[in-house]
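Below: the structure, in structure tokens.
The values are calculated or read from the model by the stated rules, or taken from the named source; none is laboratory data. Computed from a prediction, not measured in an experiment: that's the story for all the values here. Positions of Cβ are generated from backbone atoms using ideal geometry, with glycine treated the same way; all protein chains shown enter the neighbour counts.
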Amino acid sequence: MEYGGGLILKINGIVGAMLLNLAYLAKIVLVVQVIVVKILLVLKLQFVMQKSILSFLLELYLYCVQISIMLELKLELLEKKIRGINVRKIINIPNAPKQLMKILLDAGYEAYVVGGCVRDFLLNRDPHDWDICTNAFPEQMHDVFRNMHVIDTGLQHGTLTVMLDKEAYEITTYRKDGDYSDHRHPDSVEFVGNLAEDLSRRDFTVNAMAADVGGNIVDLFDGESDLKNGILRCVGNPDERFQEDALRILRALRFVSRFGFVVDDKTEKAMLKNKGLLREVSAERVAKELSEILMGDNCILPLRSCYEILAVWIPEITPTVNFWQYNQHHYLDVWGHTITAIANSPKDLYIRLALLYHDLGKPKCFSVDDGVGHFYGHAAASKDIAEKSLRNLKFDNRTVEVVTQLVEAHDRTIEPRKPVIRRCLNKFGKEQFMRLIYVKEADKSAQMSVRGEQQFSTGKIIALVDEIEAQKDCFMLKDLAVNGHDLMDIGIPAGKILGSILNELLEEVMNETMANEKDVLLKRAKEIFSHQT
């Protein structure tokens, strides 16, 4: 252990130095990029020449970032290997799935845990589901588990769900799939008695491992080796795998985003070749995978390298790639800015969806004034794109409303002053206003040389929100010291006039031009009413 620990320290030192150097290189490239942008703005070179120079610098910068992420992953995997974590590790199967496996074994059948649970255990992650496969047919499983609560989850595919200790466990018969005429589901399945045939139909090698009741790994496609090396590779012919089920293309991007895997060349080429098949996948499934891609720790990797795949369902992405902004606030193309902002944002799906869409309207709104690029009205254009796209993807109404409001407001100036913050809290509510602040912070973090300033402003705004709450400041009608009944008691009739007077009182209180005191407000209400009648 001491030797292993010492070796890990040395490797950490070497790779750490490499990562540091790459980080410095990325920063140097970034600084050069900023300087070049400013020089180009002064020189006003032809756009084609500007685009070529900036594209080269952007690719160099993103390459440094991507290599850094890959090196970090390699270091983590190497540490595990030295410590013996992933070297023919015995899978520690929990008692409940192990009990179900033993029941099958005692009845004369085979039983293995399979798929994601094996992968996650080898990655030192807690498996969410322990799926079991067996050579027992569905009717035989019904007999074996006759004294337990069994649910016919998918009999046509050989899947039953058995309840044990209030948990659900899927048990599926070994099978091979027939043709996939809809590029999503097999037209038929054939039950087989062979584990190898069952594993061969699975999507990726890292998901095609199984383990017996003793935890011994069955790995027929070098999935463990790919896992150690951070490689995502299809089982067998990648063209066939994606033509069978096009959703696997998005699943690949999800695994890259979640685990930081590098996609095998043949697999990536097949993904791009077959991306059009994603039109055959239901909008709801695409939306689910898109959401998980955006929420991954390494989301910047698939968003940059495989944007064409996402563009099948969100075609407005394509014009933003290599669309240079020719503006002193931006050193990245529109898409590079977008994905950097997403990567810099909190893990909140509303926020990340808003950032995905927040600048998609820019290419439509581009104009040049004295050699400087402008995007007047891009927030409204992006909001329209977001609403149409989110509805096309069948996101729920709540998501559409929250995200489109954030997109529309992302470019709004918010000064760190109490009256401004009160009005924002009134307009958006606290939860949505805080989302907007984080959207704006991430947006600014992907712009040029304003990051420190924006972080300071964000902190100040949050402090003001806390102060407003602590002092119970008035920023909603319900916070006013008077209500509609009070106004009617002094002779103001119910209706639109009463409502407008209440809103005017609220505005004056939020602006600190009127004290939130009943007598003061009633007097002011009379004045307003007298001027309106």
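Mind listing just one residue for me: the one in the stretch 407-419 that is outside any loop (DSSP other than H, G, I, E, B) and at pLDDT 95 or above and, of those, surrounded by the most Cβ atoms within 10 Å (Cβ to Cβ)?
My answer is 407.
Go through the stretch 199-217 and give me each residue that's crowded, with 17+ Cβ neighbours inside 10 Å and under 20 Å from residue 98 (Cβ atoms).
209, 210, 211, 212, 213, 217
Determine which member of the set 366, 323 is crowded, with 17+ Cβ neighbours inside 10 Å and in contact with a strand residue (DSSP E or B) (Cβ under 7 Å, 6 or more places away or on another chain). Steps first, answer last, please.
Values: 323 fails: in contact with a strand residue (DSSP E or B) (Cβ under 7 Å, 6 or more places away or on another chain).
The conditions single out 366.
Somewhere in the stretch 264-287, is a residue in contact with a strand residue (DSSP E or B) (Cβ under 8 Å, 6 or more places away or on another chain) and among the hydroxyl-bearing types (Ser, Thr, Tyr)?
yes
Looking at residue 387, is it assigned to a helix (DSSP H, G or I), within 21 Å of the chain's Cα centre (by Cα) and surrounded by 15 or more Cβ atoms within 10 Å (Cβ to Cβ)?
Against the criterion (assigned to a helix (DSSP H, G or I), within 21 Å of the chain's Cα centre (by Cα) and surrounded by 15 or more Cβ atoms within 10 Å (Cβ to Cβ)), residue 387 qualifies.
Between 287, 343, 270, which is among the small types (Gly, Ala, Ser), in contact (Cβ under 8 Å) with a residue 24 or more places away in the chain and farther than 30 Å from residue 444 by Cα?
270
Yes or no: the stretch 340-355 includes at least one residue that is over 14 Å from the mean Cα position of the chain (by Cα) and in a loop (DSSP other than H, G, I, E, B).
No, the stretch 340-355 contains no residue that is over 14 Å from the mean Cα position of the chain (by Cα) and in a loop (DSSP other than H, G, I, E, B).
Residue by residue, here is whether (1) of a type outside the set (Gly, Ala, Ser); (2) surrounded by 15 or more Cβ atoms within 10 Å (Cβ to Cβ); (3) in the same structural domain as residue 329 (by TED's automatic domain parsing) holds:
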{"site": "436", "(1), (2), (3)": "yes, yes, yes"}
{"site": "442", "(1), (2), (3)": "no, yes, yes"}
{"site": "458", "(1), (2), (3)": "yes, yes, yes"}
{"site": "482", "(1), (2), (3)": "yes, yes, no"}
{"site": "490", "(1), (2), (3)": "yes, no, no"}
{"site": "493", "(1), (2), (3)": "yes, no, no"}
{"site": "510", "(1), (2), (3)": "yes, yes, no"}
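So which helices (runs of 4 or more DSSP H) are wholly in the stretch 231-289 and hold at least 2 residues that are more than 19 Å from the chain's Cα centre (by Cα)?
Output list reads 238-244, 265-273.
Taking interchain pairs and intrachain pairs at least six residues apart, which have beta carbon atoms under 9 angstrom, with the first residue in the stretch 140-163 and in contact (Cβ under 8 Å) with a residue 60 or more places away in the chain and the second of a type in the set (Gly, Ala, Ser)?
From residues that are in contact (Cβ under 8 Å) with a residue 60 or more places away in the chain, the pairs are 162/168.
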